[in-house]
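For reference, the structure is listed below as structure tokens.
The values are calculated or read from the model by the stated rules, or taken from the named source; none is laboratory data. Quick caveat, the model's predicted, so the values are computed rather than measured. Virtual Cβ from ideal backbone geometry, glycine too; neighbours counted across all protein chains shown.
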Amino acid sequence: MPDQPAGERSEPATPERLRKAREEGRMPQSQEMCSALMISTLVLVLALSAGGLVRFLSTQLRQGLSLEGAGGDAALSEGLFQAAGIGMIRAISPFLLAGAAVSVLGSLLAGGWAFSPKAVGFKGSRISPTSGFKNLLSSRSVVNLLTSLAKLAVLLAIVYLYMRSRMAFCLAMRYASAAGIVSGTAELVFGLGLRISIALLAIGLVDLLWQRWKHKRDLRMTRQEVKEELRQHEMSPELRGRVRRIQLAMAQKRLIQDVPTADVVIANPTHVAVALKYDPQQMDAPVVVAKGADLLCQKIKEIAAQHDIPVVHRPELARTLYQSVDVDEAIPEPLFVAVAEVLALIYRLRKRRPAGRTGGSSR
């Protein structure tokens, strides 16, 4: 497979690139989904509150035309108008609250929550006639125009097919009473609104998936950009050296505390060393109290020599213990025999040597 050009945006956006894009307000936005949710919610609220809303409007219309209760008094008439205004606000408040909630939900559904002060900052390009003219003739504008025309065609087809199927019902309403005409009209409006809402939700879902895919595609990076970002986040050599020195100092401090408690140190002469402790009264198996490689290996052997702890050179056993057993863990059962032989050797040496002369090295 041939290598891709270095300047081609073939790499997915890194978490850092995505974070910066969110800070700048560059998030996927689906106007189609927001519109679909808004219309669907308003249709649902209208269906739930239609009866009460009709009764309220009928009452207000009757009182407004007849000034019922005012009796020609200007003060009472003003009070009636104020009451009517308050009642109207209460009647339409479900629509206002539902619209506000859905507008926020639609934005969260598309791009998630993000606080982006940079997105509301002033940019001269936003009010530049040249930039506006270029955007008007851009390929994105053409795509949006074609999408709008296609959506309009779908909605007109839905309206045409639904009204054609309900034509007989519409003709029959001319013989109905006033209440029947209102009820039939409400039924037609709700049925049409339901079908339009379903169509808009389907269109909005497709647009949402498209906007998310397009957002990820627009944020793709070249391989060089990825390398530069990784280089910026890597630690400098000075910082890496400082971290290494701190880790080494902490490891040596622990060795000074733990190695003197060991009974034996098993070493691969210059590479790894493992300090073991075994108390038959308290332990079921020997426990690794310290281990180290290279510099730490030498440090373990120095501490062992200072405290007269035997150092036994068993390269294969030392490597196995170093790789398979962590500090403060007991040795596994397959190594019992090999370690037991070393401990038996140490115990024999201790019995042969005078007190205070148990240290040294053994092959």
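Computed values, structure above
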{"quantity": "Top-ranked residue of the stretch 119-174 - restricted to ones that are of a type in the set (A, V, I, L, M) and outside any helix (DSSP H, G or I), ranked as modelled with the highest pLDDT", "calculated": "L137"}
{"quantity": "Extreme residue, surrounded by the most Cβ atoms within 10 Å (Cβ to Cβ), among residues of the stretch 251-274 that are among the hydrophobic types (A, V, I, L, M, F, W, C) and more than 20 Å from L317 (Cα to Cα)", "calculated": "L255"}
{"quantity": "Near pairs, Cβ below 8 angstrom, 6+ apart or cross-chain, from the stretch 316-344 (in the same structural domain as V288 (by TED's automatic domain parsing)) to any residue that is among the basic types (K, R) and surrounded by 13 or more Cβ atoms within 10 Å (Cβ to Cβ)", "calculated": "L321/K291; Y322/K291; V325/K291; V327/K291; A338/R314; V342/R314"}
{"quantity": "Breaking point among (1) surrounded by 14 or more Cβ atoms within 10 Å (Cβ to Cβ); (2) hydrophobic (A, V, I, L, M, F, W, C); (3) modelled with pLDDT of 65 or more, for A70", "calculated": "(3)"}
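One line per residue, one yes/no per condition, for (1) of a type in the set (D, E, K, R); (2) free of Cβ contacts under 8 Å to residues at least 12 places away in the same chain; (3) in a helix (DSSP H, G or I); (4) touching a Lys or Arg at 6+ places or on another chain (Cβ under 8 Å):
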{"residue": "I203", "(1), (2), (3), (4)": "no, no, yes, yes"}
{"residue": "D207", "(1), (2), (3), (4)": "yes, no, yes, no"}
{"residue": "R212", "(1), (2), (3), (4)": "yes, no, yes, no"}
{"residue": "G241", "(1), (2), (3), (4)": "no, yes, yes, no"}
{"residue": "L248", "(1), (2), (3), (4)": "no, no, yes, no"}
{"residue": "A275", "(1), (2), (3), (4)": "no, no, no, yes"}
{"residue": "D279", "(1), (2), (3), (4)": "yes, yes, no, no"}
{"residue": "A285", "(1), (2), (3), (4)": "no, no, no, no"}
{"residue": "A304", "(1), (2), (3), (4)": "no, no, yes, no"}
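Per-residue answers, yes or no, for (1) polar (S, T, N, Q); (2) exposed (fewer than 13 other Cβ atoms within 10 Å of the Cβ); (3) under 26 Å from L37 (Cα atoms); (4) in the same structural domain as V288 (by TED's automatic domain parsing):
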residue: I158; (1), (2), (3), (4): no, no, yes, no
residue: G184; (1), (2), (3), (4): no, no, yes, no
residue: G193; (1), (2), (3), (4): no, no, yes, no
residue: L201; (1), (2), (3), (4): no, no, yes, no
residue: D207; (1), (2), (3), (4): no, no, yes, no
residue: E225; (1), (2), (3), (4): no, no, no, no
residue: E228; (1), (2), (3), (4): no, yes, no, no
residue: R242; (1), (2), (3), (4): no, yes, no, no
residue: A249; (1), (2), (3), (4): no, yes, no, no
